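One structure is given below, encoded as structure tokens.
The values are calculated or read from the model by the stated rules, or taken from the named source; none is laboratory data. Keep in mind it's a predicted model, so treat the numbers as computed, not measured. With ligands, DNA and RNA removed, areas are computed over all heavy atoms of the protein, side chains included. Shrake-Rupley method; radii C 1.70, N 1.55, O 1.52, S 1.80 Å.
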Amino acid sequence: MAIFGPFDEISWMQMQSICEHFQIPHIEARQTFDFDGFHNLAINLHPQTTVFSSALMDVIDNWGWKHFAIVYENSENIVHFKDFFKSANIKNYDISMYQL
């Protein structure tokens with residue numbers, strides 16, 4: 001299990017704390033220039049959304065996930081992953097989605 005995101009800084013800090021407590025990998029995808037704090041505990045990717053969707057699909061395929069949940073804050077953010085959802089639909093993944 002791993003957590004990808006969120007993009008919002010306040011939500012990210014909360015998620016980072018939860019992941020650290022439960023020792024869950026936390027993969028973030030937001031641009032940041034603050035290298036203090038937890039920089040050694042996170043992977044920071046901020047590519048074009050199509051590149052990120054492709055990388056996310058590669059990680060999911062490599063880890064062999066077929067069932068997973070996506071938690072998002074607002075519909076404006078989820079729209080950026082349309083390429084990911086197209087690929088996930090083709091691969092017939094079982095995805096549960098929850099809005100914060």
Original post:
Going from most exposed to least, what order do S17, S87 have by accessible area with a 1.4 Å probe?
Top reply: S17, S87
Original post:
Near the amide H of I3, under 5 Å away, which other amide H atoms are found, from residues 5 or more places off or on another chain, if H is placed in the peptide plane?
Top reply: H26, I27
Original post:
Relative to the present Cα-Cα distance, how much length would full extension add between Q23 and N62 at 0.36 nm per residue of separation?
Top reply: 12.0 nm
Original post:
Between K91 and N77, what length comes free when the chain is fully extended (0.36 nm per residue of separation minus the Cα-Cα distance, one decimal in nm)?
Top reply: 2.8 nm
**OP:** List every residue whose amide H lies under 5 Å from the amide H of I70, counting only residues 5 or more places away in sequence or on a different chain, with H placed 1.01 Å from N in the peptide plane.
**Re:** S96, M97, Y98
**OP:** Using a 1.4 Å probe and ignoring any ligands, DNA or RNA, find the accessible area of Y72 and quote it in Å² to the nearest 10.
**Re:** 50
